[in-house]
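Enquirer: Please read through the structure below; I'll follow up with questions.
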Amino acid sequence: MPEKKQIQIAKLFGIRIFIDFSWIFIFLLVFWSFSSAVLPSIYPGQSFVSYLISGIVLSLLFFASIVAHELSHTIVARRNGVMINRITLFFFGGASNLEDEPPSAWVEIKMAAAGPLSSLIIGVILMYSTIYFLNRGQESLLLYSLYALGVVNISLGIFNLLPGFPMDGGRILRGIIWSINKNLARSTKLASIVGQIIAGLIITYGAFILIFQGNFFSGLWLVLIGFFLFRAAAGSYSQTLMIMILRKTKVKEIAQKRSESIFDDATFSTLYEHSNNLRQEIFPVVDHGDDIIGFISPLVLSRVPESEWSETRVIDFTKDFSEFPRIDEEESALKLLSLFSTGPELAVTEKAGNITGFVTLPDLQRYLSLRVRV
Ligand SMILES: [Zn+2]
């Protein structure tokens, strides 16, 4: 499902890059650990301000490394016909928005491997080039900062290769199982179980160093990552099932047929009665010539005090017909996933463009809850 609270920060190669608000905390955390711990320990004796400036530059470059990692996934995906239009930088790392599953096991393996490979290449180049200059006695805070960035990139690459689905390593594992058993659902289930085991191990290890080694910071960090991964691994199986079901479903199978409409001059009291009797989530609003003007959802009732319902007209809260998003009834239901990010309800049309009904986010959730069993 689409997430709110994200802002677009760039567009590269036609791919929109978003950051989740949680990323701001990560950025501050990374900045703080670079400037207060990492840099002073690898290159001591510099001024506070120079650590601060290097910390900011390093954090920005770290951020760019993650974008490069995610872009590598997307570029390989696109070359193999999997369209990804956006990347979101999340709590830790990023996610290329997959609204469909990859077409084959081999494409999955290539797509998943591209990210860690780019991190490892960036890391190795940075480390070797900085070591080259450091060995020639050219010591500077900048060189040590770039060296640290290299180490971070290599760790990022290795960490992502852990076989915990939905991390890259887990996706490679799923691709390998998939190429053997030719069954995407069962491969995902297996990879998701391995992912939960890996997450459990990360949490246990984090708790161990937190309690027995007194390393509060790294311990807590690992426990957090472990919980995040556990949830993602557990959720990824139902997500795959969901995508597989929606891919075979047409919009018209989920849509409500166009049913009771309401007159534009009706009052909120009438809307309330209608929604109680009919349990419809959206009503076409018609004029007395029976033409549709727009739509209204009974949810708007909550925006007006009950005492004013008898004087409030439906027309004043009607969503204009021309602005209402719509989808062809023959389209794949998979498209609904991205379209619901623009609003919770859509009008459904037939070939000629006439409205035949509508579909809401609750309709989709109901349809899936009857079919996805985990
Ligand atoms: Zn990745």
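Enquirer: Residue under question is S338, and the condition is that it be outside any loop (DSSP other than H, G, I, E, B) and within 15 Å of L361 (Cα to Cα); does it hold? Walk me through how you get there before you give the answer.
Expert: Details: outside any loop (DSSP other than H, G, I, E, B): yes; within 15 Å of L361 (Cα to Cα): yes.
For S338, the condition - outside any loop (DSSP other than H, G, I, E, B) and within 15 Å of L361 (Cα to Cα) - is met.
Enquirer: A follow-up question, please. Do we have P44 as outside any helix (DSSP H, G or I), surrounded by fewer than 19 Cβ atoms within 10 Å (Cβ to Cβ) and of a type outside the set (V, I, T) here?
Expert: Considered against the rule, which asks whether it is outside any helix (DSSP H, G or I), surrounded by fewer than 19 Cβ atoms within 10 Å (Cβ to Cβ) and of a type outside the set (V, I, T), P44 comes out as yes.
Enquirer: Under 9 Å by Cβ, and 6 or more places apart or on different chains, what pairs join a residue from the stretch 153-173 that is touching a residue at least 24 places away in the same chain (Cβ under 8 Å) with one that is β-branched (V, I, T) and within 12 Å of the ligand (Cβ to nearest atom)?
Expert: L156/I66; L161/I172; P163/I172
Enquirer: Something else: What are the residues in the stretch 56-70 that are within 11 Å of the ligand (Cβ to nearest atom) and modelled with pLDDT of 90 or more, if any?
Expert: The answer is A68, H69.
Enquirer: Taking D20 as meeting all but one of (1) more than 30 Å from Q365 (Cβ to Cβ); (2) surrounded by 12 or more Cβ atoms within 10 Å (Cβ to Cβ), write down the number of the exception.
Expert: Among (1) more than 30 Å from Q365 (Cβ to Cβ); (2) surrounded by 12 or more Cβ atoms within 10 Å (Cβ to Cβ), D20 violates only (1).
Enquirer: Does S96 fit the bill of being at pLDDT below 90, polar (S, T, N, Q), away from the ligand (no atom under 16 Å from the Cβ) and in the same structural domain as I225 (by TED's automatic domain parsing)?
Expert: no
Enquirer: Which members of the stretch 326-347 meet the condition of being surrounded by fewer than 14 Cβ atoms within 10 Å (Cβ to Cβ) and more than 22 Å from R86 (Cα to Cα)?
Expert: Result: E330, single match.
Enquirer: What is the number of the single condition among (1) surrounded by fewer than 16 Cβ atoms within 10 Å (Cβ to Cβ); (2) not in a loop (DSSP other than H, G, I, E, B) that H274 does not meet?
Expert: (1)
Enquirer: Can you confirm whether the stretch 160-175 contains a residue that is more than 14 Å from the ligand (Cβ to nearest atom), modelled with pLDDT under 90, surrounded by fewer than 21 Cβ atoms within 10 Å (Cβ to Cβ) and not in a helix (DSSP H, G or I)?
Expert: Within the stretch 160-175 (the criterion being more than 14 Å from the ligand (Cβ to nearest atom), modelled with pLDDT under 90, surrounded by fewer than 21 Cβ atoms within 10 Å (Cβ to Cβ) and not in a helix (DSSP H, G or I)), the answer is no, since none of the residues qualifies.
Enquirer: Determine if the stretch 206-226 includes at least one residue that is farther than 24 Å from V38 by Cα, part of a helix (DSSP H, G or I) and not charged (D, E, K, R).
Expert: The answer is no; no qualifying residue exists.
Enquirer: When the stretch 332-360 is examined, which residues are found to be within 24 Å of M244 (Cβ to Cβ) and in contact (Cβ under 8 Å) with a residue 60 or more places away in the chain?
Expert: S332, A333, L334, K335, L336, L337, S338, F340, S341, V348, V359, T360
The values are calculated or read from the model by the stated rules, or taken from the named source; none is laboratory data. Given the structure is predicted, the values throughout are model-derived calculations rather than measurements. Neighbour counts run over all protein chains shown; Cβ positions are idealised from the backbone, glycine included.
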